[in-house]
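The values are calculated or read from the model by the stated rules, or taken from the named source; none is laboratory data. Model, not experiment: these values are computed from the prediction. Positions of Cβ are generated from backbone atoms using ideal geometry, with glycine treated the same way; all protein chains shown enter the neighbour counts. For accessibility, only protein heavy atoms count, side chains too; no ligands or nucleic acids. Shrake-Rupley method; radii C 1.70, N 1.55, O 1.52, S 1.80 Å.
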Amino acid sequence: MKASYRLFVGLSLFYAVMAVIYYLVGGEAVGITCISLSSGLAAIVGFYVWFNNNRLGLLPQDNVTAEIADGAGELGFYSPHSWWPLPVALSACAAGLGLLVGWWLTTIALGALFISVFGFALEYEKPSASAH
Amino acid sequence: MSTTTHKAPSRPNLVAVGTIVWLSSELMFFAALFAMYFTTRAVQGPKLWLESTGMLNVKFAAVNTTVLVLSSVTCQFGVFAAERFQARRTSTLWRFSKWGMREWFALTFLMGAFFIGGQVYEYASLVHEGLSFSSRAYGSVFYLTTGFHGLHVTGGLIAFLIVMVRVFKAQKFGHSQATTAIVVSYYWHFVDIVWIALFSAIYLIK
């Protein structure tokens, strides 16, 4: 992970320097703000990777003598399939459409959005067997 | 299920990494809003800005800001509880040190809701004084920047609700639940930091 954090922290410093130079050569508000916050973008990722690097140590991806098998194992939980993104998307569309059609549609759609988001997030939450 | 067995940390938690990457892109969204604010300020000139910012109630906004910052503190205490897999308090309500994730996050939610209430009140009083979304350019940028931030805070409040319902439904507090709590806290800290920047730009620097 050292390579990762060096990359992002390096980018962050580069953007910061560029923001200062841009300001000095007579840049305008949009440029200065966006270059400075791009530095922030890289800094957020870089800081997180740096922090995790100290915690995790040498990972297979950084170890030059690592084997492919070292990276084996569970990556995480990924939903195999789900209908829920559809109501979430439709509610969001309706909420946006309501800006044209009328506030009543936005209000109804926000209610539907609230319900759909909860359904989406809690789809895989089943009470564990020990609860029964 | 294999998701609850404890394994040595061989890779960073991908949910957390994904959330961090997403937050850095959200920062660029706010960068666009900040750029819009500063450009309009430069184009409109000091006179409009002076008379518009005179209408702002900085003290009230400062109190609101303090509440939001403190809510980040309570959120972090909730994360500490989540990391030791403590979902609920182990003692009476008054013993703060024995609070679990549920109590700390509920408190964070209430403080976040107070912040939104404060924003709504502030908007209402400003509109009453004549500063609305369409009254002048300052109104446009003020309501767009603070309004989008308010929407982000509201989204965060819904996320806190989802975390608490998720923990309740799952009954057993394992790594998956702790991860959810941690990533919601990342989002909340991000929202807090963006507000500090917004508050400084709009209410302090003016």
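Observations on the model:
- Our summary gives the stretch A:2-63 a relative contact order of 49 percent, counting only alpha carbon pairs under 8 angstrom and 6 or more residues apart.
- For the protein assembly as shown, the number of Lys pairs separated by eight or more positions or lying on different chains, with C-alpha atoms closer than 21 Å, is 6.
- Expressed as a fraction of 2.2 N^0.38 Å, the C-alpha radius of gyration for the stretch A:85-124 is 1.15.
- For the protein assembly as shown, the normalised intensity computed at q = 0.10 Å⁻¹ comes to -0.74 (log10 of I(q)/I(0), Debye sum over alpha carbons, equal scatterers, no solvent).
- Sequence-separation-based contact order of the stretch B:86-206, relative, with Cα cut under 8 Å and 6+ spacing, percent: 22 percent
- Here the relative contact order of chain A, from alpha carbon pairs under 8 Å that lie six or more residues apart, stands at 20 percent.
- Per the accessible-area calculation with a 1.4 Å probe, the total area buried between chain B and chain A rounds to 2800 Å².
- Each peptide in B:94-106, A:91-103 was scored by the mean count of other Cβ atoms within 10 Å over its residues; highest first, the order is B:94-106, A:91-103.
- Amide N of the stretch B:69-88 lying under 14 Å from the label point, which is placed 7 angstrom from the Cα of B:Arg95 along Cα→Cβ: B:88
- Value of Rg/Rh across the stretch B:34-103 [Cα atoms, Kirkwood radius]: 1.33
- Inter-chain Cβ neighbour average for residues A:71-81, partner chain, 10 Å: 3
- Chain A - charge dipole about Cα centre, Lys and Arg +1 at Cβ, Asp and Glu -1, debye rounded to 20: 240 debye
- Solvent-accessible area of the stretch A:85-124 (1.4 angstrom probe, protein heavy atoms only): carbon and sulfur portion equals 86 percent.
- With coordinates expressed along the principal axes, the C-alpha atoms belonging to chain A extend over 53, 49, 25 Å, beginning with the largest.
- Kirkwood Rh and Cα Rg combined as Rg/Rh, chain B: 1.06
- In the protein assembly as shown, taking the dipole from charged Cβ atoms about the Cα centre, the farthest positive-side position among B:Met28, B:Thr154, B:Gly100 is held by B:Gly100.
- Ranked packing of A:69-79, B:115-125, most packed first, by mean Cβ within 10 Å: B:115-125, A:69-79
- Working ranking of peptides A:33-44, A:111-122 by packing, defined as the average number of other Cβ atoms within 10 Å per residue, highest first, is A:33-44, A:111-122.
- Local electrostatic count at B:Gly18 - Lys and Arg +1, Asp and Glu -1, tallied over other residues with Cβ under 15 Å: 0
- Shielding by partners - mean other protein chain Cβ count within 10 Å, residues of A:38-50: 4
- Judged by the gyration tensor of its Cα atoms, with axes a ≥ b ≥ c, the stretch A:2-63 is prolate; a/c meets the 1.5 cut and a/b is the larger of a/b and b/c.
- For the segment B:12-25, counting C-beta atoms of other chains within 10 Å of every residue's C-beta and taking the mean gives 4.
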